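The next block holds one structure in the form of structure tokens; read it before the comments.
The values are calculated or read from the model by the stated rules, or taken from the named source; none is laboratory data. Computed from a predicted model, the values in this text were never measured in an experiment. Because the Cβ atoms are built from the backbone with ideal geometry, glycine has one as well, and the counts that use them run over all protein chains shown.
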Amino acid sequence: MHIPVLLNEVINFLNLKEGDTVIDATINKAGHSKEICKQIGEMGTLIGIDLDQKSLDEAGRELEHSKCEVILQKNNFRNLDKVLEKVGIKKVNAILFDLGFSSNQMNKSGRGFSFQKDEPLLMTFKENPTEEDLTAREIVNNWEENSIADILYGYGEEKFSRQIARKIVEIRKEKQIETTMDLVKIIEKTIPNWYKHKKIHFATKTFQALRITVNDEIDALKEGLNKALNILRKEGRVAVISFHSIEDRIVKQFFRNKKEEGVGAIITKKPIISNRDEILKNPRSRSAKLRIFQKVL
Ligand SMILES: C[S@@+](CC[C@H](N)C(=O)[O-])C[C@H]1O[C@@H](n2cnc3c(N)ncnc32)[C@H](O)[C@@H]1O
């Protein structure tokens, strides 16, 4: 069963009213959207966005009997402005970003997001990637050692980024790195033994860094947040749930900058996190951080 993360907190802090227009920028299975729809009622409009068509199909099924008007759009949230233009809406009352990807999307993609399956090292969310689209295979086989190390450190906070990058370059001279297991074996050969017995799998950070790079997730988030504030009505709120420190830092800094520019107020001085009960029911919520901003201008 799909359990939306920090649902009550999102609903409480978004301050929704009947008739509101709301964007769920990462609708997935409509876990949050179902409740949002209840709050905004028959006169309300929900615009649900996802870059994954299967998620949108599922959201459509989940929201079939909802009372509010539902508009679903396949797009990247970095194009929020274009989506609104397309559906003929200018401003909205609230926007939710619940970042990342569901475990289902990761495990069933066949594109090498998971280090637990032997799959081609693609990691792109593009449905029909062409030769021109960046893939993880391209990065590990063709990028310079320093550039690989930089992304492993910058987007994965990988302690052994330099060592892993060096090993990747050494191995690829003999044989191209094609699959997830090729890469896992390289990481395994590089890191010390103690690192293999930590709570998180030793390949987690390298895989996260490659996925973020391939899908340009950091710039997409920055663009999405900027556009969100442009299309919010006065007093409207934006809520962001992030699942790793790199994203959370971006959100925190973005809200701070906007506050300093006089655009609005930070509602959550500290990020809201899940309580013990929620973490027990839904382990994924363990690393979730919710931050809210309200526009004043
Ligand atoms: C964690 S899930 C959201 C779960 C949802 N709130 C729920 O409770 O059902 C994140 C979703 O965001 C989508 N996504 C990730 N990055 C995106 C982007 N840049 N633009 C649009 N959708 C994105 C993923 O495909 C995934 O379906």
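A residue that is without any contact (Cβ under 8 Å) to a residue 24 or more places away in the chain, in contact with an Asp or Glu (Cβ under 9 Å, 6 or more places away or on another chain) and more than 12 Å from the ligand (Cβ to nearest atom) cannot be found anywhere in the stretch 150-160.
I need a count of the residues in the stretch 214-249 that are within 14 Å of the ligand (Cβ to nearest atom) and more than 12 Å from the chain's Cα centre (by Cα). Total satisfying the criteria: 7. Test Ile95 against the criterion of being touching a Leu at 6+ places or on another chain (Cβ under 8 Å) and within 13 Å of the ligand (Cβ to nearest atom), and give yes or no. It is true that Ile95 is touching a Leu at 6+ places or on another chain (Cβ under 8 Å) and within 13 Å of the ligand (Cβ to nearest atom). Taking residues in the stretch 19-39 that are closer than 13 Å to Gly60 by Cα, and partners anywhere that are basic (Lys, Arg), the pairs with Cβ atoms closer than 7 Å and at least 6 places apart or on different chains are Cys37/Lys67. Filtering the stretch 210-219 for residues that are in the same structural domain as Asn142 (by TED's automatic domain parsing), more than 20 Å from Lys126 (Cβ to Cβ) and not β-branched (Val, Ile, Thr) leaves an empty set. The set of residues from the stretch 4-29 being assigned to a loop (DSSP other than H, G, I, E, B), touching a Gly at 6+ places or on another chain (Cβ under 7 Å) and within 14 Å of the ligand (Cβ to nearest atom) comprises Pro4, Ala25, Ile27.
Residues of the stretch 61-71 that are touching a strand residue (DSSP E or B) at 6+ places or on another chain (Cβ under 9 Å) and closer than 14 Å to Gly31 by Cβ: Leu63, Ser66.
Among the helices (runs of 4 or more DSSP H) confined to the stretch 189-297, the ones with at least 2 residues that are in contact (Cβ under 8 Å) with a residue 40 or more places away in the chain and of a type outside the set (Lys, Arg) are located at 204-214, 217-231, 245-260. Only one of the numbered conditions (1) more than 8 Å from the ligand (Cβ to nearest atom); (2) surrounded by fewer than 21 Cβ atoms within 10 Å (Cβ to Cβ); (3) in a helix (DSSP H, G or I); (4) in contact (Cβ under 8 Å) with a residue 12 or more places away in the chain is not met by Leu80, and that is (2).
So that you can scan it fast, the table gives a plain yes or no per residue for (1) surrounded by fewer than 18 Cβ atoms within 10 Å (Cβ to Cβ); (2) at positive phi:
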position	(1), (2)
Ser66	no, no
Glu69	yes, no
Leu72	no, no
Glu85	yes, no
Gly88	yes, yes
Ser109	no, no
Gly112	no, yes
Lys126	yes, no
Pro129	yes, no
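Quick check on the stretch 90-107: of everything there that is modelled with pLDDT of 95 or more and assigned to a loop (DSSP other than H, G, I, E, B), which residue is surrounded by the most Cβ atoms within 10 Å (Cβ to Cβ)? By that ranking, first place goes to Leu99. When each of Ser33, Ser55 is tested for being within 12 Å of the ligand (Cβ to nearest atom) and in contact with a Gly (Cβ under 7 Å, 6 or more places away or on another chain), the lone residue that passes is Ser33. For the stretch 203-213, filtering for residues that are within 13 Å of the ligand (Cβ to nearest atom) and of a type in the set (D, E, K, R) leaves 1.
Only one of Ile27, Ile11, Ile36 is touching a Cys at 6+ places or on another chain (Cβ under 9 Å), within 24 Å of Lys227 (Cβ to Cβ) and at pLDDT 95 or above; which? On inspection, the qualifying residue turns out to be Ile36.
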